[in-house]
Amino acid sequence: MLCLARFRRIAKSYHTYPFRGSFHWLPPMPGSPTPVPNEKGPGKRPLSPSEIEKKAAKKAKSCAKASRKRINKARAHVPEYGSVEDVRRKDVASVLGDETVQKLVQDGGEFESPFTLKAEVEVEVKAISSNGEGLAVSDEEGASPWIIVVPFSLPGERVKCRIFKNERLHSLADFIQIVRPNPDLRDDARVKCQYFSKCGGCQYQMLSYDTQLDLKRNVVVKAYKNFSGLPESTIPEIQPTIGSPFQYGYRTKITPHFQAPPPRIDRAALKSQVESGNKPDWLQIGFNIQGQNRVFDIEECPIATRVINTAIPDIFGNVVKTIHTYKKGATLLLRDSLDTSVDPELKDRGMDKNVCVTNNHASIRERVGEFLFEYLASSFFQNNNSILPSLTSYVREAITSLYPNPDDPNRPTHLIDTYCGSGLFAITLSPEFSNVAGIEISADSIMYAKHNAKLNNIPTEKMSFRKGDAAEIFKTVSDFPPTRTVMVIDPPRKGCDDPFIKQLLEFRPKVVAYVSCNVHTQARDVGKILRASPDGEGRKYVLESLRGFDLFPQTAHVESVAILRLV
Ligand SMILES: C[S@@+](CC[C@H](N)C(=O)[O-])C[C@H]1O[C@@H](n2cnc3c(N)ncnc32)[C@H](O)[C@@H]1O
């Protein structure tokens, strides 16, 4: 489109007469613009208008071809299920409405953005996506409705933004400024981070915490509507999101990064510069600038714990002093840990001293309620310690409340923790069960899970952990009675694979507690489990409850817990 417009502009600057489908050049009329000189430079014959037109036509043709290719590629591209892009596409379509989407698709306009790249536009934000971005509807005169995705903006606001990418039915834009705020939602005095809107994280800081929790509840609602394929009647009322006790200073792990010195830099000169305490201008240690692959310097991260923030200056200072030795950029690890030099047998909270650990191979220690956990610094552990007692107690109570009478002969006695990490759910739920088994793909995490069972004095005959793919658990629990077994599922963002779900449906544990860091893949998996045919005795899974947990205040992220029961 753009190229055609340029072609028309060039064509218009000459007297052109269409003649049997081609352009016929006549000498310029008096007062008409002089032909532009050939860009090849002095000494070369200037191009005649017909040559210029031919060239422009050729360019327009190749542009149109490239544009067709781009559109065909975009049409064929299917985003990963439940990914940020997939979630955004569903939200974009729902703001436009079915009728508009269908019309745009029928007319072939689904990839015809009314915006050119780098265009600065002012738009009205109508909704907020599950990724936390404002969704504005373009009011370009004569153009079809089109969505512009603007981070850091809220429904009811008018914002200025710059388009940087055109996608199916929407454009992505960089936030420039708020033209008219929505005072019912926004209060910029709430923002505690000096890098707000520069950093890609923590986009909800201008909102009250209650509003953040409401938005996250709505993410769970939309996820089950758009991704589960379940009829509304089978989805229970989504309960209010459980908030985090700490809303800043909660993050027990951060991973800032930096780039290597430029290729041809004089390393000896760099060494003497940094040794004399001067940080080179090109060296930035921190996080990525919103929407860019470029790092900016940070002095603090207000959502990280106090121990981590206190350690930042020394850790970053060491990078500066040794930067001349780096061939590649690197990611730093800063983990808040209880001091592991203190005997773990001393379970007295009064003895707790927190330290910042940067060694990937070190052991980290955390307390979760009455339990102690240790794990390898480089392996997975939940990043918000303050909410873990309420998360684990919630899962425990959500299961036991299904069988309130402790003498109920149907009350589950066995627990299987799949994707168990270093044993968080297996260990914290263990007082309710006589037998517990856990499985996990990471050998390091399994080693620590076994260690944690001992650390918390859980008898080995009661609890076993094995390394393997989650689906392999079904080989090892043949002595677990399915009708008295609870299965905890806590997979990575991509959710469970089909072999796992198939085997779960063959085993049919009485209760499934599905904890997820991606409610969209959780909704898909829960949909598959609920749609499965009844077993020989006519039993099917029902969704008992659904609730979000706010492990990451100030961000759009929500963790979700679904409780399923076989009835
Ligand atoms: C979201 S974490 C949950 C860990 C643990 N439940 C916790 O809360 O600490 C997901 C875990 O699944 C493990 N994992 C990933 N793919 C797996 C697979 N195919 N089978 C078993 N475990 C897997 C990862 O190593 C990670 O520890």
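The values are calculated or read from the model by the stated rules, or taken from the named source; none is laboratory data. These numbers were taken from a predicted model, which means no experiment stands behind them. Cβ coordinates were reconstructed from backbone atoms using ideal geometry, including for glycine residues, and neighbour counts include every protein chain displayed.
Of everything in region 230-273 that is touching a Gly at 6+ places or on another chain (Cβ under 9 Å) and in a strand (DSSP E or B), the residue that is farthest from SER390 (Cα to Cα) is PHE258.
Residue by residue, here is whether (1) touching a Ser or Thr at 6+ places or on another chain (Cβ under 8 Å); (2) closer than 26 Å to ALA330 by Cα; (3) surrounded by 18 or more Cβ atoms within 10 Å (Cβ to Cβ); (4) charged (D, E, K, R) holds:
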| site | (1), (2), (3), (4) |
| --- | --- |
| HIS361 | yes, yes, no, no |
| ILE364 | yes, yes, yes, no |
| ARG367 | no, no, no, yes |
| TYR375 | yes, yes, yes, no |
| PHE381 | yes, yes, yes, no |
| PRO389 | no, no, no, no |
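Here region 126-154 is the region considered, the condition is being touching a residue at least 12 places away in the same chain (Cβ under 8 Å) and surrounded by fewer than 16 Cβ atoms within 10 Å (Cβ to Cβ), and the residue that is nearest to GLU85 (Cα to Cα) is LYS126.
Contact map, region 478-491: first residue outside the structural domain of ASP417 (by TED's automatic domain parsing) and at pLDDT below 95, second residue away from the ligand (no atom under 16 Å from the Cβ) and not in a helix (DSSP H, G or I), Cβ cut-off under 8 Å, separation 6 or more or different chains; the map is empty. The requirement of being of a type in the set (Ser, Thr, Tyr), assigned by TED's automatic domain parsing to the domain that holds THR418, surrounded by fewer than 23 Cβ atoms within 10 Å (Cβ to Cβ) and closer than 16 Å to LEU415 by Cβ is satisfied by THR460.
The C-beta contact set for region 367-378 (first residue within 15 Å of ASP339 (Cβ to Cβ) and away from the ligand (no atom under 14 Å from the Cβ), second residue among the hydrophobic types (A, V, I, L, M, F, W, C) and modelled with pLDDT under 95, distance under 6 angstrom, 6+ apart or interchain) is empty. Filtering region 516-536 to residues that are crowded, with 18+ Cβ neighbours inside 10 Å and part of a loop (DSSP other than H, G, I, E, B) leaves CYS517, ASN518.
Going by the conditions given, is ALA437 buried (at least 18 other Cβ atoms within 10 Å of the Cβ) and either in a strand (DSSP E or B) or away from the ligand (no atom under 16 Å from the Cβ) (or both)?
yes
Residues are listed down the side, and each one gets a yes or a no for (1) surrounded by fewer than 15 Cβ atoms within 10 Å (Cβ to Cβ); (2) touching a Cys at 6+ places or on another chain (Cβ under 6 Å); (3) in a strand (DSSP E or B):
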residue: LYS165; (1), (2), (3): yes, no, yes
residue: LEU172; (1), (2), (3): no, no, yes
residue: TYR204; (1), (2), (3): no, no, no
residue: ASN218; (1), (2), (3): no, no, no
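Residues in region 475-497 that are more than 12 Å from the ligand (Cβ to nearest atom) and either assigned to a helix (DSSP H, G or I) or under 32 Å from the mean Cα position of the chain (by Cα) (or both): 7 in all. If only residues of region 402-423 that are within 7 Å of the ligand (Cβ to nearest atom) and more than 14 Å from MET487 (Cα to Cα) are counted, the one that is nearest to the chain's Cα centre (by Cα) is GLY421.
Residue-by-condition table, conditions (1) in a strand (DSSP E or B); (2) not assigned by TED's automatic domain parsing to the domain that holds VAL515:
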{"site": "GLN292", "(1), (2)": "no, yes"}
{"site": "ASN318", "(1), (2)": "no, yes"}
{"site": "ASN359", "(1), (2)": "no, yes"}
{"site": "ILE364", "(1), (2)": "yes, yes"}
{"site": "GLN382", "(1), (2)": "no, yes"}
{"site": "VAL395", "(1), (2)": "no, no"}
{"site": "ALA398", "(1), (2)": "no, no"}
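Only a single criterion out of (1) surrounded by fewer than 18 Cβ atoms within 10 Å (Cβ to Cβ); (2) outside any strand (DSSP E or B); (3) modelled with pLDDT of 95 or more is not satisfied by HIS324, namely (1).
When the residues of region 81-110 are filtered to those that are surrounded by fewer than 18 Cβ atoms within 10 Å (Cβ to Cβ) and of a type in the set (Asp, Glu), the one that is farthest from PHE227 (Cα to Cα) is ASP107.
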